[in-house]
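Notes for the one structure printed next.
The values are calculated or read from the model by the stated rules, or taken from the named source; none is laboratory data. In this text, all values refer to a predicted model and were calculated from it rather than measured experimentally. Every residue, glycine as well, gets a Cβ built from its backbone with ideal geometry; the counts of neighbours run over all protein chains shown. Side chains are part of the model used for accessible areas, which takes the heavy atoms of the whole protein and leaves out ligands, DNA and RNA. Shrake-Rupley method; radii C 1.70, N 1.55, O 1.52, S 1.80 Å.
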Amino acid sequence: MPDAVATHVDDYLCTSYEMDSDNPTYITAFNPAATSKDAHHILLYGCTEPGSHQKIWNCGEMAYSNDSSKKSYETGPTCASGATIIYAWALDADKTELPKDVAFKVGVSTPIKYLVLQVHYANIDKFKAGQSDRSGLILTTSPVPLSKRAGVLLLATDGAIAPYSLGNLYVTPKRAGIFLLVTGGHIEPKTEEVFEVACEIKDDIVMHPFAFRTHAHKLGLVNSGYRIRGEGDDQEWTEIGRRSPQLPQMFYPIQSDVPIKQGDYVAAACTMFNYQSHPVRIGATGNDEMCNFYMMYWVDGDKILEDGFCTSSGPPQYYFGYDRNLNVDKIPENAFRIPPPPNGPAPGEPLQGDHHMTMQHKTNPRKRQNRFKYIF
Ligand code: IYT
């Protein structure tokens, strides 16, 4: 941040960086230059157009409220177009390196023409004491898609290699992409609800998910993501990630390789409990909800998904059971349960959300059965 000054608790401030328009940039690591004392969390967005051309602007969800006392910086969205989150940091997390040979490609010939840094300030004591903030991220980048192994390749061309076997030695770069599953919908008061979304992968690529991020607001209990392969009784639902959105919402590594290819489905479910006496809709403010499952993946070569979004209208218009391609009997038992640590809270641990979050949650099997009736 170029010496930002937050004036209110929960200010979200943004600053943008234009990417080189002649050559692509390859990002291989994110190194935080921040502490949780100053920044509650940091998100790095790729944008086609930034939300403002000011050096710093106010880009929080609440930036659109009528509170005129908040207007120390101009307000605007994070991105004016083409938004995608490519990194998230919170709670003094260490640096994140992408897997070997994997890079995000940004700049020319990609939709990411700008990177926008968004910092959420939850504590403004240092600003009251007259200081400013320079929290941010130091990116490890390269102008070429190949890592060190490319250099080895060039040196190795001399010697005992048959001329036509060169192609075998060539190390294909791996490009990172983001796939975001999002629902609409609403949840009735004093009710448990599951927000569900699923899409078929139509592109002729093989994606290897390597990190996931869950996002919901205070009603979220657990978000889970799956690869769905096969049909009918032979259908398999394989977990990609499952985590309580009440824990810090960063990207977490996926331990096992779950390759996703053309014809597979990718699905996400967000289980929520509305303990309040009014209904809550999916929407942009802190009083609304969100059901998001982000999947960071790599592919061999340069071709990532054409469209990195999968959306559904959510409850009550959409449930998995309304899609005849999905066999809901194959959903893993634990899909709607809060996982144990590290992806769920430790028993008795206080969380930023609400009191009920600390309890292990069980779904009502009768209710789910009703919801999963097929509609043809
Ligand atoms: C309505 C909703 O769920 N919004 C989400 C997901 C979202 C992210 C991006 C939707 C769009 C985007 O371009 I990037 I359209 C949402 O806003 N998620 C929050 C952020 O505040 C971005 C998050 O932290 O994931």
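Averaging the sequence gap over all C-alpha pairs within less than 8 Å and six or more residues apart, then dividing by the number of residues, gives the range 171-340 a relative contact order of 42 percent. Cα convex hull, the range 1-156: 109 Å³ per residue, rounded to a whole number.
With Cα atoms defining each centre, the range 1-51 and the range 240-306 are spaced 22 Å apart in the structure. Once Lys and Arg get +1 and Asp and Glu get -1 on their Cβ, which of Tyr12, Thr110, Ala80 lies farthest toward the positive end of the dipole of the range 1-156? In the range 1-156, that residue is Thr110.
Taken about its Cα centre, the range 1-156 carries a charge dipole of roughly 320 debye when the Cβ of each Lys and Arg holds +1 and the Cβ of each Asp and Glu holds -1. Round to a whole number: what % of the accessible area of the range 171-340 belongs to carbon and sulfur, probe 1.4 Å? The nonpolar share, carbon plus sulfur, comes to 47 percent.
Between the listed residues Pro245, Gln235, Tyr297, the Cα displaced farthest toward the positive end of the dipole of the range 206-301, a dipole computed from Cβ unit charges relative to the Cα centre, is found at Pro245. Note on Tyr275 and Asp300: the model spin-label points, each 7 Å out from Cα along the C-beta direction, lie 5.0 nm apart.
Here is the link list: Lys100/Lys261; Lys174/Lys202; Lys100/Lys330; Lys55/Lys218; Lys37/Lys95. Which ones come out longer than 24 Å on Cα distance? Walk me through the numbers on the way to the answer.
Working: Lys100/Lys261 21 Å; Lys174/Lys202 20 Å; Lys100/Lys330 34 Å; Lys55/Lys218 32 Å; Lys37/Lys95 17 Å.
Flagged as over cut-off: Lys100/Lys330; Lys55/Lys218.
Count charges around Asp3 for me, please; just the other residues with Cβ under 10 Å from its Cβ, Lys/Arg as +1, Asp/Glu as -1. So the environment of Asp3 carries a net charge of +1.
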